């Protein structure tokens, strides 16, 4: 089993009625960066994770979590 970074970024952003572009502007990154984090394509740096938590008024652990991924693709 491999560990992957799960995230609830979309949920927190949606609850606060922020667009990807608005959140990106708050934390100083591109809209595409927010999109790739939300979709699990990009793992954010610690600095970006902290900025996201601050902008969304929550803890990093509320947004991001370690999840186990079944790496047995032969089934």
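The values are calculated or read from the model by the stated rules, or taken from the named source; none is laboratory data. Keep in mind that what you see is a predicted model, and the values were worked out from it rather than measured. Here the Cβ is made from the backbone with ideal geometry for all residues, glycine too, and neighbour counts use every protein chain on show.
Filter segment 8-26 down to the residues that are within 23 Å of residue 67 (Cβ to Cβ) and in a helix (DSSP H, G or I) and list them by number. Answer for segment 8-26, where residues must be within 23 Å of residue 67 (Cβ to Cβ) and in a helix (DSSP H, G or I): 9, 10, 11, 12, 13, 14, 15, 20, 23. Within segment 31-51, the presence of a residue that is in a strand (DSSP E or B) and modelled with pLDDT of 95 or more is excluded. Here the condition is being closer than 20 Å to residue 3 by Cα and exposed (fewer than 13 other Cβ atoms within 10 Å of the Cβ); of 41, 37, it holds for 41 alone.
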